[in-house]
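The values are calculated or read from the model by the stated rules, or taken from the named source; none is laboratory data. Predicted model only: the values in this text are computed from it and were never measured. Cβ coordinates were reconstructed from backbone atoms using ideal geometry, including for glycine residues, and neighbour counts include every protein chain displayed. Note: areas computed on protein heavy atoms with side chains; ligands, DNA, RNA excluded. Shrake-Rupley method; radii C 1.70, N 1.55, O 1.52, S 1.80 Å.
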Amino acid sequence: MAEPEVNLTRKYDAVIIGSGAAGGMAAHVLTSHGLQVLLLEAGKKLPIEQELRSMEWPYDNAHRGFLPPDSHSLSFNEYTIRNPPYGPGFEKSKHLHSYIGSSDYLKNIVVDERDNPFTGTNYAWVRARCLGGKTNIWGRLALRLSDYDFKAKTRDGYGEDWPISYGEIAPYYDKVDLYLGITGVKENLPYLPDSIFQRPTKLNCAEVTLKQGIQKMGRVLTQYRAGVTSDGLKHNKYRSRCYGRGACERKGGCDIHAAFDSPTGLIYPAMDTGNLTLRTNSVAREITVDPQTGKASGVHFVDSQTMKDYKVHARVVIVAASTLESARLLLLSKSRLYPNGLANSSGHVGHNFCEHVMGPGVAGRAKNLVGKPPTLDDGRPGGFYLTRFRNLAEKHPKFIRGYGFEGGSGSAMFPRGTDTHGFGASFKEEVRKNQGAFIGMGAFGEVLSRYENYVELDPVVKDKWGIPSLRFHYKFGDNEHRMAEDMKETAQEMFEAAGFEIVHVSSRVLTEGWSIHELGTARMGNDPKTSVLNQFEQSHDVKNLFVVDGSAFVNASCQNPTWTIMALCWRSCDYLAEELQKGNL
C-alpha cells in the first residue's frame, strides 16, 4: 500500500479530522468520488496485529494478559469516589488508563488519562487515539435504528424528531452491510430492522432455552448481529472471514480483521485509490475560518510528537473526531465571526449529550447442563441480543423509551463460575461441572437527550499539547433510574420463565459513560435555532463544514450506534461530493 506524501502547501478538496468509523467512512466515500482528501489522526498508526496478539495463550503473556505493574486502569469505585481529572492519586503508576484499558493487549490503544484530562462530573470516558480509533476494540454489535427512534417525539412527545426517516437512510444501511459485512438472522421486527446478513453464528443450548422461554411473553431473542464478515469480502484484500478462534472476549480487537475496523475496512482501500493522504500524530487545535467569506478554510493542528504547529487548507472540512472531541473542537474554534465557537449560533454545541445507561442484569445457571461435556462456545463474535420490548405497543407508566439486553452462555477459554467457594480438587471439579451451564445478560437503555446535559471548555485545565480540556455537566436523570429498576426486574422475570436458577442479580447502575456510546453534542434538525446540523450533517452556519460522527444524533435510541454513524456519513458524503461538484460549497 503506497502512502502519498503529505503536502501542506497545497489545498486539498477535503480534510477529515479523525479516523474511526465516521472518519474512515468519509475517506472511503469521498475518495470513491475522486476527491483529493487529507485524513488527520491524533494518534499513531499502530502495528495493530502486534498489539492484539489474539493467538497468544494467556500463560505465554508475562502478566497473563493483564496490565504490567507500572500501569493502572480505573475501576468502577475509582470512577465513583474520585472526581475528574482522574490523574491525581495514582502517582505510583507510570500510565493511567480508562476501565477498558485493563488488558496488556489494549494498553497502547487507549489514551493515558494524565495526558488527556477532563473535569466536571464523573464520567468513564474511553478514548483510543490511534489509526482507526475505537473501531480497533469495539464490541461489534451492529444494529439499525427505525422510525421508532427517528420519530420518537411523534410517538411519546419528548425531545425532537430526526429530520430524516428510516426510508431515507435504509439504502445506506444496505451499502454498509454489503461493503463491510454483518452476521445475523432476519426477524422482521419493525422496531429493529433487518440487515443484509451473512452466515449467522449459532445459539447454544442455554441461549435457545431462553429464546423459547420468553417467546410466550412476546419477547424476541436473536443471534448477536455482529459487524463481522463470516463469508468473506471479495472486494477487500485486507480482511479475512471469521473462523472462530475464540479471542473475541478480550474487550474487542480482531487481528485477522474479520470484525470491522476502520483501517482495513475503509482507510487502506481508500488509500489504494491514490486519492487519500494520511497524516497521523496530528492533534487538531482549531478549524480555521476565512474572515472574508465566513467559510471553513482548513485545520490548525499540532504534531503530537514534535509539538510543532501546522496548518492545512481545504475546500471542505469534515469533523469526525468522536462525539465529545468534535464538540470540543467546534468550541475551540472561536473567532471574530464565531465568538461562541464554530457552527454554534444556536448555542447547542456540546448540549443534548446522551448515550446508553448500563449496569442492571442477571446471571443464571441452566441446571440441565450441569455436568455435561464442554462445548466450543467462545469462537463467536457475540452470543445473543434480546430486543427492546418496552414502550412499543403499550406505554410504560414509569418511563419512556426502551432498552435491550446483550448476553451469552456456554464454555469459554477461561471458565465461568470461578468465584464459587472452595479450593483444591473439589473446587476444580465444581468449576468444570458448572462452567458450561452459566448464562448472563446485561441491559443497554436509552438516555434521554437533555439540553442541561452538556460539555464545555474548562477555563484552566489543558491537555499535554496545551489545548483546553472539556468540563462535563452530565448525570443520568429520573427516567434512566426508573428504567434501570425495570431492567433488573424484567431480567429476573425472563430467566425465571426460561427455568434458570438465578445466581446473581445486578441492580447497580454503572458510571456515566460506561457504554462508550456518547452521542448528540451537535445534533441535526430542520431549525437552525435548536440544532447545529441539517439532515446531511452539514452546519447550518458554515456550509462547507460537516460533522459526521455521533454528534449528529438527535437521540440515542437503545441500539448501538456504529452502523448508523456510518450509514449517515455515507449519505452525507454522497451529498457533499455532489454539492462540491455543483460549486455550492
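Its convex hull of Cα atoms gives the stretch 58-152 a direction-averaged projected area, equal to a quarter of the hull surface, of 8.7 nm². For the stretch 1-109, a Kirkwood hydrodynamic radius built from all Cα pairs, placed in the Stokes-Einstein relation at 20 °C and 1.002 mPa s, yields a translational diffusion coefficient of 124 µm²/s. Annotation note: trypsin sites (Lys or Arg not before Pro) in the stretch 391-446 located in DSSP loop regions with a Cβ neighbour count of at most 14 within 10 Å are LYS395, LYS398. Each other residue within a Cβ distance under 14 Å of PRO4 adds +1 if Lys or Arg and -1 if Asp or Glu, for a net charge of -2.
Over 22 Å between Cα atoms: which of LYS11/LYS311; LYS311/LYS334; LYS175/LYS237; LYS175/LYS582; LYS45/LYS237; LYS92/LYS475 fall into that group? In this structure, LYS175/LYS582; LYS92/LYS475 lie more than 22 Å apart at Cα.
For the Cα trace of the stretch 370-430, dividing Rg by the Kirkwood Rh returns an Rg/Rh value of 1.20. Specify the inter-centroid distance of the stretch 352-387 and the stretch 231-285, based on alpha-carbon positions, in whole Å. After rounding, the separation between the Cα centres reads 27 Å.
List the residue ranges in the chain for DSSP H helices whose C-alpha atoms run 15 angstrom or more along the long axis and whose Kyte-Doolittle average is 0.5 or above. Intermediate results must be reported in sequence, preceding the final value.
On the way: long enough: 21-32 (17 Å, 0.97); 166-180 (20 Å, -0.23); 205-215 (16 Å, 0.12); 424-434 (16 Å, -1.38); 478-497 (29 Å, -1.50); 562-582 (30 Å, -0.06).
Counting only whole DSSP H runs, the qualifying helices are 21-32.
In the chain, the portion of solvent-accessible area held by carbon and sulfur atoms comes to 51 percent [1.4 Å probe, whole percent, DNA, RNA and ligands not counted].
May I ask you to list the trypsin sites (Lys or Arg not before Pro) in the stretch 261-326 that are in a DSSP loop and have at most 14 other Cβ atoms within 10 Å of their Cβ?
Loop-located and lightly packed - LYS308.
Using only side-chain charges placed at the Cβ, +1 for Lys and Arg and -1 for Asp and Glu, the dipole size of the chain relative to its Cα centre rounds to 400 debye. Excluding same-chain neighbours fewer than eight residues apart, the aspartates and glutamates reachable from LYS464 by a Cα-Cα span under 13 Å are ASP112, GLU113, ASP115, ASP303.
Considering the convex hull of the alpha carbon atoms of the chain, report its projected area averaged over all viewing directions, in nm², one decimal.
Values: hull surface 102.3 nm².
Computed as one quarter of the Cα hull surface, the answer is 25.6 nm².
Quickly rank 506-513, 440-447, 342-349 as a protection proxy: mean count of other C-beta atoms within 10 Å, highest first. Mind showing how you got there, number by number?
Values: 506-513: 19.1, 440-447: 25.9, 342-349: 22.4.
My ranking of the peptides, most packed first, is 440-447, 342-349, 506-513.
Each 10 Å bin from zero holds the following percent of Cα-Cα pairs in the stretch 448-507: 18, 26, 20, 19, 13, 4. Stretching the chain fully between VAL460 and LYS529 yields a gain of 21.9 nm (0.36 nm per residue, less the alpha carbon separation).
Using a probe of 1.4 angstrom and keeping all protein chains present, the accessible surface of the chain works out to 39 square angstrom per residue.
Lys and Arg at +1, Asp and Glu at -1: add these up for the other residues within a Cβ distance under 12 Å of ILE318 and post the number. So the environment of ILE318 carries a net charge of -2. log₁₀ I(q)/I(0) of the stretch 211-265 at q = 0.12, 0.21 Å⁻¹, via Debye over equal Cα point scatterers, no solvent, to two decimals? Reported log10 I(q)/I(0), two decimals: -0.39, -0.77.
Round to the nearest 0.05 the FRET efficiency obtained for THR273 and ASN584 when R0 = 22 Å and r is the Cβ-Cβ distance. Provide the component values of the computation, followed by the final result.
On the way: r = 24 Å, r/R0 = 1.09.
Once the sixth-power term is evaluated, E becomes 0.35.
The Cα atoms of the stretch 207-318 define a convex hull whose projected area, averaged across directions, is 12.9 nm². Cα convex hull, the stretch 447-585: 174 Å³ per residue, rounded to a whole number.
The relative contact order of the chain, computed from alpha carbon pairs under 8 Å that lie at least 6 residues apart in sequence, is 21 percent. Annotation note: trypsin sites (Lys or Arg not before Pro) in the stretch 39-101 located in DSSP loop regions with a Cβ neighbour count of at most 11 within 10 Å are ARG64, LYS92. Between amide H atoms placed 1.01 Å from N, distances below 5 Å from ASP104 occur with PHE66, LEU67, all of them 5 or more places distant or on a separate chain.
Between the alpha-carbon centres of the stretch 156-171 and the stretch 495-555 there is a gap of 13 Å. Here the spin labels are modelled as points 7 Å beyond Cα on the Cα-Cβ line, and at ASP156 and ARG245 they lie 4.2 nm apart. Of all lysines in the structure, those lying under 22 Å Cα to Cα from LYS211, and not within fewer than 8 positions of it along the same chain, are LYS186, LYS202, LYS367, LYS372, LYS488. On a C-alpha basis, how far is the centre of the stretch 1-46 from the centre of the stretch 71-141 in Å? Whole number, if you could? About 27 Å separates the Cα centre of the stretch 1-46 from the one of the stretch 71-141.
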